[in-house]
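Visitor: Below: one structure in structure tokens.
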């Protein structure tokens, strides 16, 4: 029998466990009522109650892995508010339970924005919706009318898999689908145009179905801006989360180990203990090997996972942005208060300064959408520019020619249109709401959790090129930040194109630190080490395979009698100058013996035919077939649009040589995918 004292003890244990695993969120919650630190959070998970309490009349729901679905959900919400004067509730799926979805007022429409992650999976934050829909009874959502827009990449096998599954689940539960099923395709870079096409049609349908009246009201801020005079320890200067403010205290153990859970909202600021340029001296390109120390945290990873890194914007781009919008007084401290608590604040911490927000929180270097140009018409400096923007925003081909093809970011484009004069009429609140938020960039981990337990390695090609139309530099934000660190850390001789504040807010990133967290992946070696593996990874696609092989070397060291299946790696580079980890592979081969074979090809050797990994795969089709017959797992990492598709085609051809037709071979590979024998880590 369990007596009263036992019940108290058990209850106390449950509370203690809950507090431990939610200590970071609880810390955020305790700070919500602070006058100077504002975190938008409802606290109530009953969807219909929050909807009623805030007098909402339209619901927009998003499930987002990297922030893109959230961005488009918010765009759509603003469009509904501006065009029809609706009071829209736009929410993250993760924040609410959905068992009251069918209790929304009669006539309420719901719009879903759902991204697809991995092999057709729901985003981490939307797993609850997937579970809810998969177990929903028929007719349990028979009062619901909904639209749906999915975000995916057609280079993946299960294109828009999550949104397709959500659509089926909603319809099976009796909900009524309004309009067409929108599907964005990031694989061909058409996400924005796919959205605009879907949105225009859906708004017309909603106008008729909902009998909405067109108001076309001007933009109104969703947040109340308050300027502050004091810069104190509660004001963010770009810190990644509340815990890093001087007024806060980082959660640590008695041994000084920083505790998580580390995630999107609370990254670990980790020391970069080593960087190395991997390309040969004189190569016009750069590739940086980075080693990150996580020993003073409880951050863990598994071989095959991804590392998310939060960048800051280059100083040159920050200055240009501030100039473009006449925000030279970037040191102005401000805070934002949401008009209602269903709104999520645009920045992780307020109050902050304008410069800090631009440098650390806003995606100011990304491509521009035509939709944003439409919104900017009302703030144009003069009638001529207003007419030009209006024309560009309505003409897809003209916009592509004058803006997209020139790789203009927002400041570039507006300064080009105004001949370098600032746009003084654009409210700061509008920029806070309308510009996408700076998101972490993800890299395949190139180390092994067995051999490098407290160090994480990544391998990054530095993205830098020049637009042939106007010679504008095209630069990757995070890779150039890593390149800046490598140059300074090693006193390398390199003329940097762009520069960063490497010390970070209040010196938080000094001595080469960056905020990071581990994103779990399903890219895993077979649990049985005797299972053969075929790995295909040109360029930096070899990164996770370096981790795999280092893992096998460490396993053999720990257990000398372990038996491995064949480990066949296809690797390709341009030439010998960018042959990644060239000196390491012979050492791995020496350790693993004939169980490891690496087949290398180069695509740009002078006077030689271009040879790619798919060509080598085809040349070695007999060995590939032999390994597949032995149950081999296939792993592909790298470019999704070309390489991964070409490899898939070659594998299909190889299977056909066994007497299958194309359809049968395609179905075999699909079966491999669903069973985990065919895994991709592509971008």
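The values are calculated or read from the model by the stated rules, or taken from the named source; none is laboratory data. Keep in mind that this is a model prediction, so the values were computed, not measured. No Cβ is skipped: glycine too gets one built from the backbone with ideal geometry, and neighbour counts run over all protein chains shown.
Visitor: Filter region 443-475 for residues that are under 30 Å from residue 401 (Cα atoms) and under 19 Å from the mean Cα position of the chain (by Cα) and give the result.
Guide: Result: 461, 462, 463, 475.
Visitor: Considering region 498-520 alone, what residues qualify as being farther than 20 Å from residue 239 by Cα and touching a helix residue (DSSP H, G or I) at 6+ places or on another chain (Cβ under 7 Å)?
Guide: 498
Visitor: Looking at residue 433, is it within 28 Å of the chain's Cα centre (by Cα) and modelled with pLDDT of 95 or more?
Guide: no
Visitor: Could you check region 246-259 and list, in sequence order, the residues that are surrounded by 15 or more Cβ atoms within 10 Å (Cβ to Cβ) and outside any loop (DSSP other than H, G, I, E, B)?
Guide: The one that is surrounded by 15 or more Cβ atoms within 10 Å (Cβ to Cβ) and outside any loop (DSSP other than H, G, I, E, B): 258.
Visitor: Give, as residue ranges, the strands (runs of 3 or more DSSP E) completely inside region 445-506 that count at least 2 residues that are more than 15 Å from residue 287 (Cβ to Cβ) and either outside the structural domain of residue 367 (by TED's automatic domain parsing) or modelled with pLDDT of 95 or more (or both).
Guide: Where strands (runs of 3 or more DSSP E) fall fully within region 445-506 and carry at least 2 residues being more than 15 Å from residue 287 (Cβ to Cβ) and either outside the structural domain of residue 367 (by TED's automatic domain parsing) or modelled with pLDDT of 95 or more (or both), they are 455-461, 473-475.
Visitor: On the basis of being farther than 29 Å from residue 576 by Cβ and in contact with a strand residue (DSSP E or B) (Cβ under 7 Å, 6 or more places away or on another chain), does residue 261 make the cut?
Guide: For residue 261, the condition - farther than 29 Å from residue 576 by Cβ and in contact with a strand residue (DSSP E or B) (Cβ under 7 Å, 6 or more places away or on another chain) - is not met.
Visitor: Output yes when any residue across region 661-673 is closer than 30 Å to residue 280 by Cβ, in contact with a strand residue (DSSP E or B) (Cβ under 7 Å, 6 or more places away or on another chain) and either assigned to a helix (DSSP H, G or I) or at pLDDT 95 or above (or both), and no when none is.
Guide: no
Visitor: Right, another one. Take residue 544 and decide whether it is part of a strand (DSSP E or B) and either at pLDDT 95 or above or within 23 Å of the chain's Cα centre (by Cα) (or both).
Guide: The answer is no for residue 544.
Visitor: Would you check which residues across region 310-330 are without any contact (Cβ under 8 Å) to a residue 40 or more places away in the chain and assigned to a loop (DSSP other than H, G, I, E, B) and list them?
Guide: 328, 329, 330, listed by residue number.
Visitor: Touching a strand residue (DSSP E or B) at 6+ places or on another chain (Cβ under 6 Å), closer than 21 Å to residue 316 by Cα and buried (at least 20 other Cβ atoms within 10 Å of the Cβ): does that describe residue 481?
Guide: So residue 481 fails the test.
Visitor: Suppose we filter region 507-520 for residues that are at pLDDT 95 or above and assigned to a loop (DSSP other than H, G, I, E, B); how many remain?
Guide: Count: 5.
Visitor: Take residue 243 and tell me if it is closer than 26 Å to residue 358 by Cα, surrounded by fewer than 17 Cβ atoms within 10 Å (Cβ to Cβ) and in contact (Cβ under 8 Å) with a residue 40 or more places away in the chain.
Guide: No; evaluated as a whole, the condition is false for this residue.
Visitor: Right, something else. Looking at 526, 560, which one is farther than 28 Å from residue 281 by Cα, touching a residue at least 40 places away in the same chain (Cβ under 8 Å) and in a loop (DSSP other than H, G, I, E, B)?
Guide: Of 526, 560, the one residue that is farther than 28 Å from residue 281 by Cα, touching a residue at least 40 places away in the same chain (Cβ under 8 Å) and in a loop (DSSP other than H, G, I, E, B) is 526.
Visitor: Quick test for you: out of 192, 233, pick the one residue that is under 21 Å from the mean Cα position of the chain (by Cα) and within 30 Å of residue 438 (Cβ to Cβ).
Guide: Going through 192, 233 in turn, the sole match is 192.
Visitor: Also, I was wondering about something else. Could you count how many residues in region 166-175 are touching a helix residue (DSSP H, G or I) at 6+ places or on another chain (Cβ under 7 Å) and outside any loop (DSSP other than H, G, I, E, B)?
Guide: Residues in region 166-175 being touching a helix residue (DSSP H, G or I) at 6+ places or on another chain (Cβ under 7 Å) and outside any loop (DSSP other than H, G, I, E, B): 3 in total.
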